[in-house]
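Note sheet for the following structure.
Every read-out reported here was derived from the displayed coordinates using simple, explicitly stated rules and does not represent laboratory data. This is a predicted model, so every value here is computed, not measured. With ideal geometry, Cβ positions are generated from the backbone for all residues, glycine too; neighbour counts draw on all protein chains shown.
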Amino acid sequence: MRATSPDERFQSILFANPGDSGGADARPEPPCFRDLNLDQVVAAIKAGRDEYNLQPFFYAPLTNVAAIEYRHDIMRDLERKALFQSIKAFSNRLRDMRQLLSASEKSHYKYQKERWHLNAVAVYCNATATLLRDLRRLNPASRGLRGFLCFLTEYTASVPFTALRQETEQLLAGLSGIRYNLLICDGRVTVSPGAGERDYSADVEAAFAKFKQGAPRDYLLEYRPASGMNHVAAAVLEFVARLNPDVFTPLLAFCERHKDFVAQTVADFDREIQFYIAWIEYADRFKQAGLKFCYPRMLDDCKNVSSRAGFDLALAGKLVQEHKAVVCNDFALNGSERVCVVTGPNQGGKTTFARTFGQLHHLACLGLPVPGIEAQLFLGDHLFTHFERLEDITNLRGKLRDDLDRIRHIFDQATPNSVIIMNEVFSSTTIKDAVYLSKQIMARILQSDLLCVWVTFLDELASFDNRIVSLVAAVAPDNPTRRTYKIERKPADGCAYALAIAAQYGLTPARIQERIRR
């Protein structure tokens with residue numbers, strides 16, 4: 001392994017530079033999450049990992065391409081099965097360590113409390129040393145994991161760690177070497193030092209070996225921290241400690257000195273690496289169903305965005321679980337194109353497409369692989385959404401006024417580097433007013449040079465400006481009532497769709513007139 005230069009010294013496995021974090025832990029859930037169903041996605045990713053508090057990491061998009069590439073490189077390293085399994089095993093051992101510490105804190109008996117604490121230290125030392133050995137052998141390529149390897153090399157060679165590990169091993173050896181006798185008679189228990197009596201267990205096993213039939217069932221139960229200790233066992237342990245002060249006195253002093261034995265950098269790594277582990281295990285569910293993920297090319301100076309075979313993660317999660325097919329879609333905005341206007345029949349996949357566009361951009365700004373075969377996405381500064389909501393009678397405003405206030409709030413915050421997702425706005429007013437208002441807002445979006453996806457029932461918007469791309473939710477050619485959920489790049493054809501439906505049911509003007517004549 002080559003030496004790490006000073007500018008590569010390890011800071012964080014999530015953030016290439018300290019300034020990249022931007023107070024991630026204090027970030028609330030972004031307002032766009034519920035509209036894009038990203039709250040459902042994050043809930044599925046972090047399931048079973050509540051102890052790590054991963055949500056804030058998914059709320060904090062990165063702000064520069066280098067920070068995103070830093071995560072991409074680590075994710076590529078973790079795609080190596082051996083490396084992934086090694087780091088996951090490390091995390092599992094530290095979870096065991098925390099369980100031992102929890103058992104120690106909950107114990108009411110002094111010596112049991114200290115023994116659980118000693119075991120926790122032993123697990124920590126062994127896990128850290130094992131991870132160091134594995135990383136040296138597997139030689140990761142990413143700057144992040146190389147930096148952590150260098151940190152572990154220095155940390156495990158330091159005097160505090162080597163002394164901690166050596167003292168732990170000595171105490172464990174001392175406890176393992178203790179022998180004592182119990183004499184139980186007339187309700188009394190007497191504890192005395194072991195006098196080197198012979199262990200007859202081997203003789204008993206040999207005597208009964210001739211009766212053995214097949215592999216014996218193991219009736220021994222593992223003693224777990226949660227099993228606790230009763231007062232009799234605690235009294236016995238107290239007497240054993242009195243008989244062996246040379247072991248138990250140092251044990252008490254050891255636990256007092258090493259209350260906080262976990263290095264903060266190791267603890268931070270254990271938490272932050274879960275961001276990657278959780279994503280990889282989440283994405284594997286989709287990969288097993290034949291869906292693809294890719295590392296997007298991120299742009300911060302160009303708005304030519306595209307995606308091939310992208311899909312809505314929240315919807316796909318439900319469909320995969322139900323063993324149903326997931327429909328993927330493409331999009332592309334090139335040159336001066338800035339807005340996708342999506343029209344077509346209801347329940348045809350328009351809103352799902354809009355959510356996909358938003359999800360891809362947010363996930364890409366987190367430095368994660370995104371759904372699809374390939375993608376080129378824009379590193380925006382904000383992702384805004386405006387989805388139709390039920391009227392709130394408590395705010396004493398009509399639905400139209402509420403829509404306008406929400407849109408004004410977006411424009412007050414948006415910059416030319418923002419991305420906006422609009423879904424079915426102004427459905428509460430007349431067509432004439434909806435067209436007028438929508439064109440005013442569209443003009444503002446184009447003037448601000450914003451990237452936008454706008455789902456609408458107004459075909460007029462699709463041809464409002466040459467910077468707008470018209471997308472249509474397709475239907476089956478032979479059956480216009482059947483949705484394909486494919487979004488196609490073509491002129492808005494709402495009238496053609498209506499005529500197709502009318503033709504299918506014999507309701508065209510010509511057919512109606514013919515039926516009247518008959």
| said: Under a crude label model (7 Å from the Cα following the beta-carbon direction), how far is residue 235 from residue 181 in nanometres? | reply: 2.1
| field | Evaluated at q = 0.11, 0.13 Å⁻¹: base-10 log I(q)/I(0), Debye formula over Cα of the chain | value | -1.01, -1.25
| note | Per its Cα gyration tensor (rounded if a/c is under 1.5, else prolate when a/b beats b/c, else oblate), the range 392-476 is best filed as oblate
| request: Can you find, among 101, 129, 315, the residue farthest towards the positive end of the dipole of the chain? Put +1 on the C-beta of Lys and Arg, -1 on that of Asp and Glu. | output: 315
| message | At a 10 Å Cβ-Cβ cut-off, how would you order 165, 401, fewest neighbours first? | response | 401, 165
| task | Subtract the Cα-Cα distance of residue 99 and residue 66 from 0.36 nm times their separation in residues, and report this length gain in nm to one decimal. | result | 8.1 nm
| Calculated FRET efficiency for the pair residue 373/residue 324, C-beta based, R₀ 22 Å, to 0.05 | 0.60
| Taking the Cα centre of the range 291-517 as the origin and placing charges on Cβ (Lys, Arg +1; Asp, Glu -1), which of 485, 435, 448 is farthest toward the positive end of the dipole? | 485
| request: For an R0 of 22 angstrom, estimate the FRET efficiency from the Cβ-Cβ distance between residue 297 and residue 381 and round to the nearest 0.05. | output: 0.75
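Working from the pairwise distances between different alpha carbons, so that the mean of 1/r is found and then inverted, what is the range 179-330's Kirkwood radius in Å?
This gives a value of 24.0 Å.
Pull out the extension gain between residue 110 and residue 246, defined as 0.36 nm times the separation in residues minus the alpha carbon to alpha carbon distance; nm, one decimal.
Fully extending the segment from residue 110 to residue 246 adds 47.3 nm.
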| query | Which of 276, 385, 296 sits farthest toward the positive end of the charge dipole of the range 273-409, with +1 on the Cβ of Lys and Arg and -1 on the Cβ of Asp and Glu? | reply | 385
| query | With a sphere of radius 12 Å drawn around the Cβ of residue 314, what net charge do the other residues whose Cβ falls strictly inside it have (Lys, Arg +1; Asp, Glu -1)? | reply | 0
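With a ≥ b ≥ c taken as the square roots of the eigenvalues of the C-alpha gyration tensor of the range 90-194, please select rounded if a/c is under 1.5 and otherwise prolate if a/b is larger than b/c or oblate if it is not?
Numbers: a/c = 3.59, a/b = 2.56, b/c = 1.40.
Cα axes put the range 90-194 in the prolate bin.
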| query | Hey, rough spin-label estimate for residue 466 and residue 202, points 7 angstrom out along Cα→Cβ, what's it come to in nanometres? | reply | 9.4
| message | As a test, work out the antiparallel percent of DSSP beta bridges whose residues both lie in the range 291-517, rounded to the nearest 5. | response | 40
| request: For residue 113, list the lysines whose Cα falls under 25 Å from its own Cα; do not include residues on the same chain fewer than 8 positions away. | output: 259
| Cα-projected label distance for residue 40 with residue 285, points at 7 Å along beta-carbon direction, nm | 1.1
| query | For residue 287, which lysines qualify as cross-link partners when the Cα separation must be under 16 Å and same-chain residues fewer than eight apart are set aside? | reply | 81, 318, 324
| Electrostatic dipole magnitude of the range 52-161 [Cβ: Lys, Arg +1; Asp, Glu -1; Cα centre; debye, to 20] | 300
| request: Enumerate the lysines that residue 399 could reach by cross-link, defined here as Cα to Cα under 30 Å, with residues fewer than 8 away along the same chain left out. | output: 350, 432, 439
| message | Over the chain, what is the relative contact order in percent, taking alpha-carbon pairs closer than 8 angstrom and at least six residues apart? | response | 16
| remark: Fewest to most Cβ atoms within 10 Å: 327, 419, 121 sort as 327, 121, 419
| said: Out of all DSSP beta bridges in the chain, what portion is antiparallel? Express it as a percent rounded to 5. | reply: 50
| query | Can you give the convex hull volume of the alpha carbon atoms of the range 291-517 per residue, in Å³? | reply | 161
| task | Subtracting the Cα-Cα distance from 0.36 nm times the residue separation, let me have the gained length for residue 190 to residue 439 in nm, one decimal. | result | 80.4 nm
| message | If I take R0 = 41 Å and measure r between the Cβ atoms of residue 481 and residue 50 in this structure, what FRET efficiency does the formula 1/(1 + (r/R0)^6) give, to the nearest 0.05? | response | 0.35
| task | Determine the dipole magnitude for the chain: charges of +1 sit on the beta-carbon of Lys and Arg, -1 on that of Asp and Glu, nothing else is charged, the reference point is the Cα centre, and the result goes in debye to the nearest 20. | result | 1260
